[in-house]
Amino acid sequence: MFDNISSPEFIREYGEPIDQDNNNAYDYYYWKGGLKTASINKDEDKGKIMRLIISSTDDAQFENSLQTSKGIKLGSKKADVLSKYGDHYYKSYEQGADIIGYIDHKRNITLEFWCVPGGRVAEIRLDDADVI
């Protein structure tokens, strides 16, 4: 589904990670441009990206150039997300964010938009649906 952090294409696009955090299930890497990834940390799938997160290093700044295929990026309005992605979504609330999520059952992925008070997208997550 997602690239491997060691693939030549991924390295060419994002270079070397800026920082890294590890936990039992995944290694989290921080890349240029506000990209964060979670990848499998063992066995034959080591390095396979299971989660992509686009976020800002400063909550007041929405200067990230990364965006979804439908043009949603940090700072986009919640109304734009709903307009482009439709009415079939789930809602959640976590860490002070109003979360709008979409499930792609064919590809087994979820796409979440974390909106801050004021209705702006502050984080975008693309996950393999099996991520814990």
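The values are calculated or read from the model by the stated rules, or taken from the named source; none is laboratory data. If you're wondering where the values come from, they're calculated on a predicted model, not measured in any experiment. So basically every Cβ, Gly included, is an ideal-geometry build from the backbone, and we count neighbours across all protein chains shown. The protein model used for the area step is the full one, side chains on, heavy atoms only, and it has no ligands, DNA or RNA in it. Shrake-Rupley method; radii C 1.70, N 1.55, O 1.52, S 1.80 Å.
Of the listed pairs LYS42/LYS77; LYS36/LYS78; LYS46/LYS78, which have alpha-carbon separations greater than 31 Å here?
On the way: LYS42/LYS77 38 Å; LYS36/LYS78 22 Å; LYS46/LYS78 35 Å.
Long pairs (Cα-Cα over 31 Å): LYS42/LYS77; LYS46/LYS78.
Net charge near LYS78: determine it from the other residues with C-beta under 12 Å of the C-beta of LYS78, scoring Lys and Arg +1 and Asp and Glu -1. Can you show the working numbers first?
Working: positive: LYS77, LYS84, LYS91, ARG120; negative: ASP80, ASP98.
Net of charged neighbours comes to +2.
May I ask for the net charge around ALA97, where only other residues with Cβ less than 10 Å from the Cβ of ALA97 are counted and Lys, Arg are +1 while Asp, Glu are -1? Intermediate results must be reported in sequence, preceding the final value.
Working: positive: none; negative: GLU94, ASP98, GLU112, GLU123.
Every neighbour counted, the sum reads -4.
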Zero-based 10 Å bins, Cα pair distances in the chain, whole percents
12, 42, 36, 10, 0
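Mean separation of Cα pairs under 8 Å and 6+ residues apart, divided by the residue count of segment 1-120: what relative contact order is that in percent?
Numbers: 175 pairs, mean separation 17.1, N = 120.
Relative contact order of segment 1-120: 14 percent.
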Roll a 1.4 angstrom probe over the protein heavy atoms and tell me the percent of accessible area of the chain that is carbon or sulfur.
46 percent
Radius 12 Å from Cβ of TYR28, net charge of other residues (Lys, Arg +1; Asp, Glu -1)
-1
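Could you state the accessible area per residue of the chain in Å², with a 1.4 Å probe and every protein chain left in place?
Numbers: 8060 Å² over 132 residues.
Normalised by residue count, the accessible surface of the chain is 61 Å².
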From the Cα gyration tensor of segment 8-56, with a ≥ b ≥ c the square roots of its eigenvalues, which class applies: rounded if a/c is under 1.5, or else prolate if a/b is larger than b/c, or else oblate?
oblate
